[in-house]
1. Can we say LYS43 is within 15 Å of the ligand (Cβ to nearest atom), touching a residue at least 12 places away in the same chain (Cβ under 8 Å) and surrounded by fewer than 23 Cβ atoms within 10 Å (Cβ to Cβ)?
2. Take the residues of the stretch 89-109 that are farther than 16 Å from CYS142 by Cβ and either without any contact (Cβ under 8 Å) to a residue 40 or more places away in the chain or touching a Phe, Trp or Tyr at 6+ places or on another chain (Cβ under 9 Å) (or both): which is nearest to the ligand (Cβ to nearest atom)?
3. If I ask for residues that are away from the ligand (no atom under 16 Å from the Cβ) and of a type in the set (Val, Ile, Thr), which ones from the stretch 65-88 would you list?
4. Look at THR140 and say whether it is in contact with a strand residue (DSSP E or B) (Cβ under 9 Å, 6 or more places away or on another chain), free of Cβ contacts under 8 Å to residues at least 40 places away in the same chain, within 16 Å of the ligand (Cβ to nearest atom) and among the polar types (S, T, N, Q).
5. Which one of GLY152, GLY117 is under 26 Å from PHE249 (Cα atoms) and either surrounded by 21 or more Cβ atoms within 10 Å (Cβ to Cβ) or of a type in the set (A, V, I, L, M, F, W, C) (or both)?
6. Output the residues belonging to the stretch 178-205 that are at pLDDT 95 or above, buried (at least 24 other Cβ atoms within 10 Å of the Cβ) and over 15 Å from LEU154 (Cβ atoms).
Amino acid sequence: MKLIGVFDSGVGGLTVVKELIKQLPSESLIYFGDTARVPYGAKSKETVTRFSIENALFLSKHNVKLICVACNTASSCALPKLRKKFSVPIVGVINPGAKEAVYTTKNNRIGVIGTKGTIKSRAYEDEIKRLNPKIKVFSTACPLFVPFVEEGWLNQDVVLTVAKKYLQPLKDARVDTLILGCTHYPLLKKVIKKVMGKKVVLIDSAKEVAIEVKKILSGKGLLNKRGKGRVDFFVSDNPEWFKGLTESFLGKPLKKVKKVDNV
Ligand code: DGL
């Protein structure tokens with residue numbers, strides 16, 4: 001059976017795996033987390049692109065029918081190069097998240113939050129403008145959110161204080177839709193909602209990319225409709241650290257995570 005390959009800089013891509021399992025319970029997945037080289041968020045476009053190609057090469061050795069780039073930073077930097085290099089469909093998080101935000105906004109003012117790399121690339125902004133040039137996009141990098149989530153700090157006062165500081169410009173800009181443009185941010189939804197207010201719609205890229213994967217596989221007649229799929233997890237370093245974080249990202253602890261020596 002052919003697999004869906006998923007890669008991320010580390011553990012965050014499990015938010016995408018969780019959604020893929022929900023949307024496509026009969027599909028089997030292979031996940032690769034580049035824990036030896038995480039985080040990608042502050043690295044250069046060239047470096048993130050090189051790592052992404054190596055990650056996709058690893059997945060392509062495992063009979064994959066599609067590669068999902070769960071990492072927002074990798075999606076922002078490397079999609080064109082990946083699409084040139086690999087023949088299977090490459091699905092990133094940018095277009096699905098942007099599409100949903102464009103569909104959702106009523107006042108044509110969309111906010112985007114992500115890592116420094118994602119925001120610097122302007123990938124979400126460009127995609128939103130391509131879909132609807134009238135929309136105004138306001139972007140802010142929130143680099144402290146990733147370490148907070150990895151510390152398991154989801155509701156602490158310090159997180160709220162930092163979130164207020166990062167998100168104030170987006171509140172001032174009166175966005176009515178906010179893209180959570182990083183794998184880790186869905187875990188901070190409560191705090192982000194508290195700061196932005198109930199009326200602002202939060203767009204979860206993880207959920208949107210799973211819907212897109214389903215659409216693409218279905219369109220190509222590659223969808224598995226029977227049986228229960230499985231997921232194999234691989235990392236480039238520190239499987240114990242990865243395992244320790246899986247419960248909060250995936251909703252269940254993992255027993256088996258294999259370490260890969262040469263990506
Ligand atoms: N996975 C990254 C992203 O979605 C966040 C973690 C990192 O910086 O590597 O942008």
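1. Yes.
2. ILE94
3. VAL88
4. Details: in contact with a strand residue (DSSP E or B) (Cβ under 9 Å, 6 or more places away or on another chain): yes; free of Cβ contacts under 8 Å to residues at least 40 places away in the same chain: yes; within 16 Å of the ligand (Cβ to nearest atom): yes; among the polar types (S, T, N, Q): yes.
In short, yes.
5. The match here is GLY117.
6. Of everything in the stretch 178-205, those that are at pLDDT 95 or above, buried (at least 24 other Cβ atoms within 10 Å of the Cβ) and over 15 Å from LEU154 (Cβ atoms) turn out to be LEU178, ILE179, GLY181, ILE203.
Rundown of residues vs (1) of a type in the set (Lys, Arg); (2) at pLDDT 95 or above; (3) within 28 Å of PRO147 (Cα to Cα); (4) part of a strand (DSSP E or B), yes/no style:
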position: PRO39; (1), (2), (3), (4): no, yes, yes, no
position: LYS43; (1), (2), (3), (4): yes, yes, yes, no
position: GLU46; (1), (2), (3), (4): no, yes, yes, no
position: THR49; (1), (2), (3), (4): no, yes, yes, no
position: SER87; (1), (2), (3), (4): no, yes, no, no
position: TYR103; (1), (2), (3), (4): no, yes, no, no
position: ILE110; (1), (2), (3), (4): no, yes, yes, yes
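The values are calculated or read from the model by the stated rules, or taken from the named source; none is laboratory data. All values reported here derive from a predicted model rather than from experimental measurement. Cβ atoms come from the backbone with ideal geometry, glycine included; neighbour counts cover every protein chain shown.
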